[in-house]
Amino acid sequence: MNISAIGSKAYNYFKRGLAIAPDFVLGTGNEIFSKTLTDSFYGKLTNEGKREGGKYFKNFWTQLKNATLETEKVNKANIENNKGFFKNMYHQLKTLPELMQSGWKEGAAKASKVKWWGGLTGSLKSLGKRLPLLAGLFAIAVEIPNIWSATKDKGLLGGVTETAKTATRVTSGMIGGAIGAALLSPIPVVGPLLGSVVGYMAGDALASIFTGKSHTEKKMAAEQQAQEQTQQQAKTQQQYHFDTGTTNPFMMQPTMTPQELAMLQMQLYGGNKFGNDFMAKQAGIYY
């Protein structure tokens, strides 16, 4: 395969990835991706609630590829059914209460003893299906002040650059979250949630290596450095500064009375030892 063919294939993958990225972050793509991986790792759920046919991690990259292809297919179908990406996103948000209610009824029906616990568990599982969408919206909302600050300080180009960096970090975080949720899915209720959080942090940290710090992080670091320099300069000036008050060693005033001072001078000059010495007379020594 020549360089042209490799470049064309890479561009095709990039274009397809870019097409499903919005639904992956702000749609159901993350949910489909994670579910497909879970079924591949641990097997599909049977009617008895057990998983069968899991391949675990025999061919991890092929499993990732298949999960991506399934996400691409479902994403295309959802957008066609709901007539556009934003309408599809709105549909997923609007039907969340209904989904949780159905999860409650299903969980309560399956519970043999404590109905409310079964209902709560079923409702949380249903919420987990839309959790990636809610997390994506939250991540974007958190980054809006950072993008606005970059636009205000560096103009339109700075805003566009920061938007691209944010999109890369959030998307990588969501991919990491989906993989983490799939890996910890055998742990009831808590596993997928914990896997999503840890996976998101890992994906975001990995992307940050390539994108670098955000505009806000750089700004805070510069302000901290300027503050430290100001404090160091103030400390240096204080070390070489003499107070002009009574604490100045070169401006200290005597605390003895004139009589005590005269007596001390007599002792220092040895009484009338100096006789008519001019300096002694000026000092007030007459003995």
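The values are calculated or read from the model by the stated rules, or taken from the named source; none is laboratory data. All values reported here derive from a predicted model rather than from experimental measurement. Reconstructed Cβ throughout: ideal geometry from the backbone, glycine too, with neighbour counts over all protein chains shown. Quick note on the areas: whole protein, heavy atoms, side chains included, nothing else; ligands and nucleic acids left out. Shrake-Rupley method; radii C 1.70, N 1.55, O 1.52, S 1.80 Å.
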Within segment 35-67, restricting attention to residues that are of a type in the set (Phe, Trp, Tyr) and in a helix (DSSP H, G or I), which residue is nearest to residue 20 (Cα to Cα)? 61
By residue number, the members of segment 180-197 that are touching a helix residue (DSSP H, G or I) at 6+ places or on another chain (Cβ under 6 Å), part of a helix (DSSP H, G or I) and surrounded by fewer than 24 Cβ atoms within 10 Å (Cβ to Cβ) are 183, 195
Among 80, 70, the single one that is touching a residue at least 24 places away in the same chain (Cβ under 8 Å), open to solvent by 50 Å² or more (accessible area, probe 1.4 Å), under 21 Å from residue 20 (Cβ atoms) and part of a helix (DSSP H, G or I) is 70
Candidates 119, 128, 158, 180 - the one that is farther than 26 Å from residue 35 by Cα and small (Gly, Ala, Ser): 158
Neighbours by Cβ (under 6 Å, 6+ apart or cross-chain): first from segment 185-213, over 14 Å from residue 30 (Cβ atoms) and free of Cβ contacts under 8 Å to residues at least 24 places away in the same chain; second of a type outside the set (Ser, Thr, Tyr) and open to solvent by less than 80 Å² (accessible area, probe 1.4 Å): 191/184; 194/184; 198/180
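Residues are listed down the side, and each one gets a yes or a no for (1) more than 21 Å from residue 95 (Cβ to Cβ); (2) basic (Lys, Arg); (3) at pLDDT 80 or above; (4) open to solvent by 60 Å² or more (accessible area, probe 1.4 Å):
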site: 5; (1), (2), (3), (4): yes, no, no, no
site: 24; (1), (2), (3), (4): no, no, no, no
site: 48; (1), (2), (3), (4): yes, no, no, yes
site: 61; (1), (2), (3), (4): yes, no, yes, yes
site: 66; (1), (2), (3), (4): yes, no, yes, yes
What tally of residues in segment 198-236 results from selecting those that are assigned to a helix (DSSP H, G or I) and loosely packed, with under 14 Cβ neighbours inside 10 Å? 22
Lone unmet requirement of (1) outside any helix (DSSP H, G or I); (2) in contact with a Lys or Arg (Cβ under 8 Å, 6 or more places away or on another chain) for residue 149: (1)
Starting from segment 38-64, keep only residues that are more than 15 Å from residue 179 (Cα to Cα), then list their pairs with residues that are open to solvent by 70 Å² or more (accessible area, probe 1.4 Å) and at pLDDT 85 or above whose Cβ atoms are within a distance under 8 Å, requiring at least 6 positions of separation or different chains. none
So residue 161 ticks every box in (1) of a type in the set (Val, Ile, Thr); (2) out of contact with any helix residue (DSSP H, G or I) (no Cβ under 8 Å at 6 or more places or on another chain); (3) within 30 Å of residue 15 (Cβ to Cβ) but one. Which box is left unticked? (2)
Provide a single number: the residues in segment 37-46 that are of a type in the set (Ser, Thr, Tyr), surrounded by fewer than 23 Cβ atoms within 10 Å (Cβ to Cβ) and closer than 17 Å to residue 58 by Cα. 1
Please work out which one of (1) more than 15 Å from the chain's Cα centre (by Cα); (2) open to solvent by less than 30 Å² (accessible area, probe 1.4 Å); (3) not hydrophobic (A, V, I, L, M, F, W, C) is the condition residue 176 fails and give its number. (1)
